[in-house]
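Have a look at the structure below before the remarks.
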Amino acid sequence: AAATAGSGAGSGAAGSPEATGGSTGGGGWRRPHGPLQRYYGPSTAEAAEAPPDPTDINGPHFDPEVFMTKVRSECPLGQLLAREAALSREIRALDSDMQTLLYENYNKFISATDTIRKMKVDFRHMEAEMDDLAANMAAISASSARVSAALQDRHRRGAQLAGVQALLRKLQALVEVPGRLRRWAGTEPARALRCHARARAVLRHYRHLPSFRAIEDESHAIMAELAQRLRTRLRCETLDPKELTECVEMLLQLEEPAEELSEEFLSQAGARLEAELAALEAELPAADPSGTATTPPPPASDILDFVDRGSSAFVGTLCQLAGSYRALFGGDTGRLEPFAAALATRYFALLERRLALERGLGDTSLLVRALDRFHRRLRALLELLPAGADAAAALVARAARERVDRYLRALQTFFLGCLGDVRQALAAPRPPGKEGPGLPDLLATLAASVLGQLKAVLAYVQLFTARDVAFASLPYFKGEFCVTAVREGLVVAFVRWLCRTARGFADGPAERGAPAAPPALLLLLARLCLDYENSTISYILTLTDEQFPPQDSGPAVTPGPALCAEARAAAQRLLDHYVQVQGAAVAQMLRKSVETRDWLGTVEPRNVRAVMKRVVEDITAIDVQVGQLFEEGVRRAQSSDSSRRAFSVYSSSRAPGRYAPSYTPSAPMDTHLLSNIQKLFSERIDIFSPVEFNKVSVLTGIIKISLKTLLECVRLRTLGRFGLQQVQVDGHYLQLYLWRFASDERVVQGLLDEVAASAAHRCLDPVPMEHSVVELICERG
Amino acid sequence: ARALTPQTAETDAIRFLVGTQSLRYDNQIHIIDFDDENNIINKNVLLHQVGEIWHISTSPADKGVLATCYNKTSDTKVMTCAAVWRMPKELESGSHESPDDSSSNTQTLELLCHLDNTAHGNMACVMWEPMGDGKKIISLADNNILLWDLQESSAKAVLSSSTALEGKGQLKFTSGRWSPHHNCTQIATANDTAVRGWDTRSMRQIYCIENAHGQLVRDLDFNPNKQYYLASCGDDCKVKFWDTRNVTEPVKTLEEHSHWVWNVRYNHSHDQLILTGSSDSRVILSNMVSISSEPFGHMVDDDELSDQEDQHQEEKVKEPLQDSVIATYEEHEDSVYAVEWSSADPWLFASLSYDGRLVINRVPRALKYHILL
């Protein structure tokens, strides 16, 4: 059809709605079908088309008037002419299409007429053949009916004979019942029962016939006897659970009263379980009511063994019994539950006692395995006995908690042991020429061993939450155990305890009695606490949180910063204490030296006093000691040279003027004013103030304490001229050697100035020494 | 200057005596009058020519009588002696001279008697019998306790009994106090790190607090209202409170100062108020309610209570007053060597520092009313 839709001249009404195409000249191949389709009725697609457009030249609602008006009014002349040409071209094409279609249809009509004529001839043949077939079928059915009628009678007789034979066999069995029963009652009661059960219904049904009744009575008698026998067996013999169950089952089948039976069953089972419990109890050492005077001997078997035996024997039996009770007596467990609960409680108590025997640290994995096995075995039981679940979980949790506590104590002991070692190492006399282990080594050893121990403990404890351990999935072990027991109870508690112990060294021995800790130990602990604050605590907590992930909803945990603050406070306290102890030692030396000397009658100074050298030596030693553990710290930059000069100028020329005699009634005000103004410019020095965590700060603290002591002591003495000069020499010497230790040499300088000024004030004849001489003496010394 | 004392026998005017220390000039005793209403300080000067004053104390019975410990220096030797003096009559009750002519008009003390110590060593301090008639004094000289009787209107001092501390170590007494309790038969002394109690009748030691402080004990004082309570202070920067019936542990320890504590004083009437002076140039006033004689604040009488139930309720709310530092006074620029409460006004105290500055302070008003009401 598409091929014929070529261009062809044709005539038609120009206004025909069907024949006109779109304004675009390029028509598609479908176009010839369009008018035909429309002729045979609008397709569904077209029906569904939306609002009628009277100007659509291909649409069904085309209105020529409207179209014309629209075109005329909208289009310019050129477009109108173009459209007119296009329309006429289209009309011609459509006319030729129509002609082609007409020819085609005509051909088809002719061939269809031929075909119909041929069919008419064939049907006439077939009709005759169908009639033959129907006659044959009727003959076949008639002969088949004849055959079946001949066989029917014989079939019925056969069936009747088979029925008679079955009945006869049943009667035979019934007659044999009592004999069989008798035979089996002794040896195979179960079989007898089965047999009786089968026969019983029939016998009961035909009991009105005398012969059947005889059979029934006889079998009844036999069964009664059997029941009697079973009962005696139930009552007096110790049966294993399986036999017991069988026995009771048979009795039940014999229609014995269930109530009574269940009671007997339980008492039997009870006796058996009691025996097992007693066997377990025998393994435990007898409870010592008087308190354990002597430690009980170690239990014969380890805990795993104990739990194993306990669970396989007791729990297994209990489960079996409970299961069979349920099977036997149906859902009525009112009696079973209290019975099982009582026994389970006793078992738990026994186990608890056994766990309590696990005093030492022993092998945690063994304990965990034992608890795991216990818990697994118990789960079976717990399905029967929901009340026991909590008790069992609590038992396991308690055991775990107990173990964690024990680890905490072990850790503490370990730490104390380490400290003891360190003390010993510090106190050990060092052979000359051979240095003992340095403080950093000791510190590293201490920190490493403590951390190692803590890690080991964590690893042990982690066994409790290992994935293959059944009870690890309990909510307690997931949440509370991790947080409360391990994180808080073990890790946090240990860190806290460590801080407390460390503080104890600073606080405790200051009172009377206990031997004071050596200063080096204080220093060591201070560093340890500081390290904890800086890194170790966060490391430990991270480690713990990794190994024991805390639940979101778990109880509140101690945050790391709080612990850090605690450790820092402890470190601060220790370091302050260290400064005080060392400062006091030096100060004591200075005080004694000032108090015991006769400052009035002394001779002209030729040397720096030995005690000053000793002070410098001590402070140098302290410097070395602190330097081993703490950083250098910042010092205020100031050239030593200038300060030295400043000091010398100050002490030799200005100081006497500064503390000019202030008690002349005439001029008390101006001198006071002078000294006070000077004071205003120098900062107030806190002597026993907290120090920072660095060497310089520590040393400054010690020096401050020492010099302030010197100042106060000098003020209490009365000096002669040479006494003053001696103080001057000593002061200069100290200035020479101490400035380098202090963070701010002005502190040293200020204090020494005050010493010099006070000495001048306390001197009867204040004639200071020439500064060059002072320097000479100091350099020589 | 180190020596400061209130005029103990004076109960009306606020008056303190200050002794000076100077090696090269004549030493003086300044009588400081404080006029509370007008906030004016008056000063009278008495010459004390024998030497620099290390300790001063006044007679509880006679306003005009005082005792000093002073240094007598020769070229090669320093000796600390003690003497009893009488001040001129017109100064006894504080004549109000104008400050400008006080300097020109210096008067001299009248020597009553020397406490002869040639055999005993340096005098550390002189204590008057607190409740007595000004006849008995005790002086501490090196390691001796000397009990003197003043006879013939204090013109003559007779050594009535003495005892010596013997043993190893540092035995020099640093200070002592006479207990106002037990009929004035007990004193306490400090030497090195120990505090010792003595019975003045038998002159025997009755208790001893060994290692009361980590270092030297500088001063001590008796609680005026609780007979077994004692405060001590020392070079370990601490102030400790003791119950002398249990000498193993202090009842309480204060650690507020940052250097040696030189002085500790109980307030005479409100023994929760503790004053301490230290060489860190600070004076600290503490409120030790928990170990005072009025741990629950002022007691209300029963009949009063029945009338004023409501008031009592309010008081209950106030009651839990904590032990605390009330105030830290930082007026001093140098070490504070002496603090004293006024004998006349229980809310007033003076402190004295090395550079000679005397500061008079009051207990904060709010606290005063809290204690009173």
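The values are calculated or read from the model by the stated rules, or taken from the named source; none is laboratory data. The structure presented is a predicted model; accordingly, all values stated were derived computationally and were not measured. All Cβ positions, even for glycine, are placed from backbone atoms using ideal geometry, and neighbour counts span all protein chains on display.
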Does any residue of the stretch B:49-57 turn out to be assigned to a loop (DSSP other than H, G, I, E, B), surrounded by 20 or more Cβ atoms within 10 Å (Cβ to Cβ) and within 14 Å of another protein chain (Cβ to nearest Cβ)? yes
Determine which single condition A:T364 fails, assuming it passes every other condition in (1) modelled with pLDDT of 70 or more; (2) crowded, with 16+ Cβ neighbours inside 10 Å; (3) closer than 28 Å to A:I540 by Cα; (4) not hydrophobic (A, V, I, L, M, F, W, C). (1)
Over the stretch B:198-223, the set of residues crowded, with 19+ Cβ neighbours inside 10 Å, out of contact with any helix residue (DSSP H, G or I) (no Cβ under 9 Å at 6 or more places or on another chain) and either of a type in the set (G, A, S) or over 14 Å from B:G176 (Cβ atoms) (or both) is B:A212, B:H213
Is it true that some residue in the stretch A:685-693 is within 52 Å of the chain's Cα centre (by Cα), in a helix (DSSP H, G or I) and at negative phi? no
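Residue by residue, here is whether (1) modelled with pLDDT under 80; (2) under 24 Å from the mean Cα position of the chain (by Cα); (3) in the same structural domain as B:L47 (by the TED database) holds:
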| site | (1), (2), (3) |
| --- | --- |
| B:K77 | yes, no, yes |
| B:D100 | yes, no, no |
| B:E110 | no, yes, yes |
| B:K136 | no, yes, yes |
| B:S139 | no, yes, yes |
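One line per residue, one yes/no per condition, for (1) at pLDDT 75 or above; (2) surrounded by 18 or more Cβ atoms within 10 Å (Cβ to Cβ):
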residue	(1), (2)
A:R156	yes, no
A:L171	yes, no
A:A192	no, yes
A:P210	yes, no
A:A221	yes, no
A:L234	no, yes
A:T238	no, no
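Checking the condition within 23 Å of B:E331 (Cβ to Cβ), within 20 Å of the chain's Cα centre (by Cα) and among the small types (G, A, S), which residue from B:S279, B:S258 passes?
Details: B:S258 fails: within 20 Å of the chain's Cα centre (by Cα).
None of the other options fit; the residue is B:S279.
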Checking B:V247 against (1) away from chain A (no Cβ under 14 Å); (2) surrounded by fewer than 22 Cβ atoms within 10 Å (Cβ to Cβ), the condition it does not meet: (1)
Criterion first (surrounded by fewer than 19 Cβ atoms within 10 Å (Cβ to Cβ) and touching a helix residue (DSSP H, G or I) at 6+ places or on another chain (Cβ under 9 Å)) does B:N38 satisfy it? no
B:W260 is checked against (1) within 14 Å of chain A (Cβ to nearest Cβ); (2) of a type in the set (F, W, Y); (3) within 26 Å of B:L372 (Cα to Cα) and fails just one. What number does that condition carry? (3)
Identify all residues within the stretch A:734-750 that are touching a helix residue (DSSP H, G or I) at 6+ places or on another chain (Cβ under 8 Å), of a type in the set (G, A, S) and more than 16 Å from A:D618 (Cβ to Cβ); write none if there are none. A:S743
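Do you know which residues across the stretch A:748-776 are within 14 Å of chain B (Cβ to nearest Cβ) and within 60 Å of the chain's Cα centre (by Cα)? Walk me through it before giving the result.
Initial filter on the stretch A:748-776 (within 14 Å of chain B (Cβ to nearest Cβ)): A:750-751, A:753-755, A:757-767.
Selection gives A:G750, A:L751.
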When the stretch B:264-275 is checked residue by residue, the ones that are touching a Ser or Thr at 6+ places or on another chain (Cβ under 7 Å) and surrounded by 24 or more Cβ atoms within 10 Å (Cβ to Cβ) are B:V264, B:Q272, B:I274
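Mind checking which residues of the stretch B:239-280 are basic (K, R) and part of a strand (DSSP E or B)? Even if it seems obvious, please write down each step before you answer.
Of the stretch B:239-280, the ones basic (K, R) are B:240, B:245, B:252, B:265.
Correct list: B:K240, B:K252, B:R265.
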Name the residues in the stretch B:346-359 that are under 15 Å from the mean Cα position of the chain (by Cα), crowded, with 17+ Cβ neighbours inside 10 Å and away from every other protein chain (no Cβ under 14 Å), would you? B:L348, B:F349, B:A350, B:S351
If you take the residues in the stretch A:448-480 that are surrounded by fewer than 18 Cβ atoms within 10 Å (Cβ to Cβ) and hydroxyl-bearing (S, T, Y), which one is modelled with the highest pLDDT? A:S449
Assuming B:E255 fulfils every condition listed in (1) at pLDDT below 85; (2) within 14 Å of chain A (Cβ to nearest Cβ); (3) under 30 Å from B:T11 (Cβ atoms) apart from one, which condition is it? (3)
Can you tell me which residues in the stretch B:9-30 are surrounded by fewer than 21 Cβ atoms within 10 Å (Cβ to Cβ) and more than 11 Å from chain A (Cβ to nearest Cβ)? B:A9, B:E10, B:T11, B:D12, B:A13
Taking the stretch B:122-134 and keeping only residues that are within 14 Å of chain A (Cβ to nearest Cβ) and either surrounded by fewer than 21 Cβ atoms within 10 Å (Cβ to Cβ) or at pLDDT below 75 (or both), one is left with B:N122
Residue check for A:Q99: touching a helix residue (DSSP H, G or I) at 6+ places or on another chain (Cβ under 9 Å), modelled with pLDDT of 85 or more and among the polar types (S, T, N, Q): no
